[in-house]
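Visitor: Got a structure for you, written out below as structure tokens; questions coming shortly.
The values are calculated or read from the model by the stated rules, or taken from the named source; none is laboratory data. Since the model is a prediction, treat every value here as computed from it, not as a measurement. Cβ sites come from the backbone with ideal geometry, for glycine too, and all protein chains shown count toward neighbours. The area values use the complete protein model at the heavy-atom level, side chains included, leaving out ligands, DNA and RNA. Shrake-Rupley method; radii C 1.70, N 1.55, O 1.52, S 1.80 Å.
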Amino acid sequence: MRPFPVIQTAGALPRPVYELTNVSKYYRGGGIVALEQVSLSLRQGEFHSVIGSSGCGKSTLLKIMAGLTPPSKGRVMLSGKPVLGARPDIGMMFQQATLFPWRTTLQNVLLPIEVRDGKAAAEAARPRALSLLELVGLKGFESVYPSQLSGGMAQRAAICRMLVSEPDVLLLDEPFSALDEITRDFMNMELQRICLERGATAFLVTHSISEAVILSDVVHVMSARPGRVVQTIEIDLPRPRTLDMATLPEFGRYVSTIRNLLDKGAFL
Amino acid sequence: MSDLAQPAVYGTEGEDTVWTERVSLISLIPRWVSMTLLLVAFIGIWHLATSAGIVSPLILPSPTETILDLGFVGRGLLSGNYMLAAFWVTTQEVIWGFVVALVIGVSLGILVGETSFGERAVMPYIVAIDTMPKLAFAPLFVAWLGFGITSKVALAAFISVFPIVVGTAAGLHAADENARMLFKSIGASRLKTLLKLKIPTGLPQFFTGLKIASISVVSGAIAGEFLGGGQGFGELIRVAASQLNTPRVFSLIIYLSLLGLSMFAIVSWMQYKFVFWHRTDNGVRARAGH
């Protein structure tokens, strides 16, 4: 079979997973422009972040990518197919862990399988869920109810729930911003470890510059009103990243570049 | 060990700074003791008011009279005479009224809480009817359904259906934005979202409505008997009051309250069983740190 020419232009690069072309979102019949002409492409195994002040439309962008809300204009393609609604090949994670108190940790992790394919499929996925819980360090907590988990542990369980259906891409909406800073740093390193281990493709929405730099291969800086990507910055730091890298001069340069862009965007 | 390596330690000299927090006296006594004390005080004042002749015994019977009558009615209930028959009639009205209210209330609650049609078109009418004085419908129910048990069941159900509708609808709205988004993102159908997210999330609100209904259903049944005759406890109260037999009225009310109390207890027990994750709410919640 002849490879599709557009995708295979640069032979060395992995295939693009997500491709957004001129995605715009208007509210109130065009009166409010939440997103304007956002184009980006996310390749297999890459970790991208989008950063911007609150209200810049980054969460709207993520919802459009996830198929939770339609764009007003533009095109969203995932694995070569248009995104026209929620997709099983997308895993999502939110600011709150959103574990359900009437389900044990394991039952919470298995929820996407149970909802999509029924109880029997969830039962069959048990070993996978258990090994995921082990991967995030929650072994022994599988039959515990969420009220007995700490904030960090709850977010780990949410990671497992996101990963259990083996999605091609992970969409992360400020997943650790509700945690304290010490826990957040730790969870970010855990997230990196899990992503590297699984070769995951991830897209993170954040408002923490250092979090974006430490985790990402590419950072998209957004400005508000209208929400658009003002610059895309490649972060050329070795993997795996460590928290100590925050003291490197390159790290500082990336942070200050992004901060300058954000300052400009905020006062436009 | 070198003295120089020791960090400075404060508070090694001088006295401990232990001090006592002020605690209200009442919190030092067990709850049942304070409750009993209050009851004893209440009966004491009641006794003084009646024995000193401040209040006429026709208006307020003495505690002794009331307790004696409680014994009389209790013996009547146990011996299975007309009082037990009356109590059974009222109990049936209460139970059937509650069942009817539950069925209609949950159906309407789901209609209002789950569909836009229900929320936009039906809900305003429910609120409008809820604001009406519902007891005023009693003569209508009697005219429609006669003097038998059915008209009382209807009034009891009518009065207690609204908290169930409101509780069910509020419960179905209780799931937060994140949870809805999560269900949307995993491609859950409307039915799956209802069954696996909205209904379990809304159970606490539903049971709150059910508790209110379980109490008002007894008032509904008694009001129905007052206004539409019949053979229940309400009729006994009406007769006793017309004979100025106030001790009897008091003791009948106390036995009736047992009916309301058991309804409430059953609903509370069901809530405890089904909403097990709310039990620890005021207890240990290790949500603080990592």
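Visitor: For the protein assembly as shown, what % of the accessible area comes from carbon and sulfur atoms, probe 1.4 Å?
Guide: Heavy-atom surface of the protein assembly as shown belonging to carbon and sulfur, 1.4 Å probe: 63 percent.
Visitor: With the cut-off at 24 Å, tell me which of the pairs A:LYS139/B:LYS273; A:LYS25/B:LYS192; B:LYS211/B:LYS273 have Cα atoms farther apart than that.
Guide: In this structure, A:LYS139/B:LYS273; A:LYS25/B:LYS192 lie more than 24 Å apart at Cα.
Visitor: Let me ask something additional. Got a sec to turn the phi values of region B:102-119 into Karplus ³J(HN,Hα) couplings, 6.51 cos²θ - 1.76 cosθ + 1.60 with θ = phi - 60°, whole Hz, x for Gly and Pro?
Guide: These are the phi-based 3J(HN,Hα) values: 5, 5, 5, x, 5, 4, 5, x, 5, 4, 6, x, 10, 10, 5, 4, x, 5 Hz.
Visitor: Something else about it: Can you give me the C-alpha center-to-center distance between region A:14-93 and region B:62-112, rounded to a whole angstrom?
Guide: 61 Å
Visitor: If I take R0 = 41 Å and measure r between the Cβ atoms of B:VAL103 and A:SER53 in this structure, what FRET efficiency does the formula 1/(1 + (r/R0)^6) give, to the nearest 0.05?
Guide: Using R0 = 41 Å, I get an efficiency of 0.20.
Visitor: While we're on this one: For peptide A:146-155, what's the mean number of Cβ atoms from other chains within 10 Å of each residue's Cβ?
Guide: Mean partner-chain Cβ count within 10 Å for A:146-155: 4.
Visitor: Here's another thing I want to ask about it. Is it possible to state the helix-based mean residue ellipticity at 222 nm for chain B, with each DSSP H run of 4+ residues giving -39500 (n - 2.57), the sum divided by total residues, to the nearest 500 deg cm²/dmol? What is it?
Guide: That calculation yields -22500 deg cm²/dmol at 222 nm.
Visitor: How much length is gained on full extension from A:ASP117 to A:ASP263, taking 0.36 nm per residue of separation minus their Cα-Cα distance?
Guide: 47.9 nm
Visitor: How large is log10 I(q)/I(0) at q = 0.13, 0.18 Å⁻¹ when the Debye formula is applied to the Cα atoms of region A:98-156, each weighted equally and without solvent?
Guide: After summing over all Cα pairs, the log10 values are -0.29, -0.56.
Visitor: Ok, one more. Show me the ranking of peptides B:216-222, B:238-244 by mean Cβ neighbours inside 10 Å, starting with the highest.
Guide: B:216-222, B:238-244
Visitor: Moving to a separate point now. Could you check what % of the DSSP bridge pairs in chain A are antiparallel, to the nearest 5?
Guide: 55 percent
Visitor: With 5 Å bins from zero, work out the P(r) of chain A over every alpha carbon pair and list the percent per bin.
Guide: 1, 6, 12, 16, 18, 17, 14, 10, 5, 2, 0
Visitor: Taking a temperature of 10 °C and a viscosity of 1.306 mPa s, what whole-number D in µm²/s does Stokes-Einstein yield for region B:204-266 with Rh from Kirkwood over alpha carbon pairs?
Guide: 127 µm²/s
Visitor: Would you please name the GluC sites (Glu not before Pro) within region A:183-268 that are DSSP coil residues with at most 16 other C-beta atoms within 10 Å of their C-beta?
Guide: Of the GluC sites (Glu not before Pro), not one in the loops of region A:183-268 has a Cβ with at most 16 other Cβ atoms within 10 Å.
Visitor: log₁₀ I(q)/I(0) of region A:194-266 at q = 0.16, 0.25 Å⁻¹, via Debye over equal Cα point scatterers, no solvent, to two decimals?
Guide: -0.58, -1.23
Visitor: Taking the Cα centre of chain B as the origin and placing charges on Cβ (Lys, Arg +1; Asp, Glu -1), which of B:ILE29, B:ILE59, B:ASN178 is farthest toward the positive end of the dipole?
Guide: B:ASN178
Visitor: Then there's this: Using only atoms on other chains, find how many Cβ atoms lie within 10 Å of each Cβ of peptide A:64-77 and report the average.
Guide: Neighbouring Cβ atoms belonging to other protein chains average 1 per residue here.
Visitor: So, one more: Sort A:117-124, A:149-156 by the packing proxy (mean of other Cβ within 10 Å over each peptide's residues), most packed first.
Guide: Peptide ranking by packing, descending: A:149-156, A:117-124.
Visitor: Only Cα pairs within less than 10 Å get springs; with that Gaussian network setup on chain B, which residue of B:PRO124, B:PRO247, B:PRO30 has the largest fluctuation?
Guide: Maximum among the listed residues: B:PRO30.
Visitor: Then there is this: Dividing the Cα radius of gyration by the Kirkwood radius, what Rg/Rh value follows for region A:139-182?
Guide: Radius of gyration relative to Kirkwood radius: 0.99.
Visitor: At what distance in angstrom do the alpha carbon centres of region A:102-153 and region A:157-234 lie from each other?
Guide: With region A:102-153 and region A:157-234 each reduced to a Cα centre, they are spaced 22 Å.
Visitor: Principal axes first, then extents: for the Cα atoms of region B:127-211, list largest minus smallest coordinate on each axis, whole Å, largest first.
Guide: Sorted largest first, the three principal extents are 55, 21, 20 Å.
Visitor: If you don't mind, there's one more thing I want to ask. Run the helix sum for chain A: -39,500 (n - 2.57) per DSSP H stretch of 4+ residues, divided by residue count, reported at 222 nm to the nearest 500 deg cm²/dmol.
Guide: Computed ellipticity for chain A at 222 nm equals -10500 deg cm²/dmol.
Visitor: To the nearest 10 degrees, how steeply does helix A:181-198 sit against the main Cα axis of chain A, on a 0 to 90 scale?
Guide: Around 90 degrees separate the two axes.
Visitor: Send over the Kirkwood Rh of region B:133-290, from the inverse of the averaged 1/r over different Cα pairs, rounded to one decimal Å.
Guide: 18.5 Å
Visitor: Evaluate peptide B:175-183: per residue, the Cβ atoms of other protein chains within 10 Å of its Cβ; return the mean as an integer.
Guide: 5
Visitor: Fully extended, how many nm does the chain gain between A:GLU250 and A:THR232 (0.36 nm per residue separation, minus their Cα-Cα distance)?
Guide: 4.8 nm
Visitor: Another question, if that's okay. Could you tell me the ratio Rg/Rh of region A:16-92? Both radii from Cα atoms, Rh via Kirkwood.
Guide: 0.95
Visitor: So which chymotrypsin sites (Phe, Trp or Tyr not before Pro) in region B:119-177 end up in coil per DSSP with only 16 or fewer other C-beta atoms within 10 Å?
Guide: Listed in order of number, the matching sites are B:PHE147.
Visitor: So, one more: Can you tell me which of A:LEU62, A:LEU138, A:LEU13 moves the most in a GNM of chain A? Springs connect C-alpha atoms under 10 Å apart.
Guide: Looking only at A:LEU62, A:LEU138, A:LEU13, the biggest GNM fluctuation is shown by A:LEU13.
Visitor: Could you identify which residue out of B:ALA169, B:ALA52, B:ALA101 has the top mean-square fluctuation in a GNM of chain B using Cα springs shorter than 10 Å?
Guide: Highest fluctuation among the options: B:ALA52.
Visitor: Expressed as an acute angle from 0 to 90° and rounded to the nearest 10, what is the orientation of the C-alpha long axis of helix A:126-135 relative to the principal long axis of chain A?
Guide: 60 degrees
Visitor: When a/c is below 1.5 the answer is rounded, else prolate if a/b is larger than b/c, else oblate, so apply that to chain B with a ≥ b ≥ c taken from the square roots of the Cα gyration tensor eigenvalues.
Guide: Oblate shape, in that a/c is at least 1.5 and b/c is the bigger or equal ratio.
Visitor: A follow-up question, please. Beyond 38 Å, how much of the Cα-Cα pair distribution for the protein assembly as shown remains, as a whole percent?
Guide: 52 percent
Visitor: Do any chymotrypsin sites (Phe, Trp or Tyr not before Pro) in region A:168-268 lie in a loop, going by DSSP, with at most 10 other beta-carbon atoms within 10 Å of their beta carbon, and if so which?
Guide: Passing sites in region A:168-268 are A:PHE267.
Visitor: Using the scaling law 2.2 N^0.38 Å as the reference, what is the normalised Cα Rg of region A:16-174?
Guide: 1.14
Visitor: Considering only DSSP beta bridges whose two residues both sit in the protein assembly as shown, what percent are antiparallel, to the nearest 5?
Guide: Here the antiparallel bridges make up roughly 55 percent for the protein assembly as shown.
Visitor: Would you mind giving the total buried accessible surface between chains A and B, with a 1.4 Å probe and ligands, DNA and RNA left out, rounded to the nearest 100 Å²?
Guide: Summed over both sides, the interface buries about 2500 Å².
Visitor: Additional query: Relative to the first principal axis of the alpha-carbon coordinates of chain A, what is the inclination of helix A:249-266, with its axis defined by its Cα atoms, in degrees from 0 to 90 and to the nearest 10?
Guide: In chain A, helix A:249-266 runs at an angle near 70 degrees to the longest axis.
Visitor: Over all directions, the average projected area of the alpha-carbon convex hull for region B:57-139 comes to how many nm²?
Guide: For region B:57-139, averaging the hull's shadow over all directions gives 9.0 nm².
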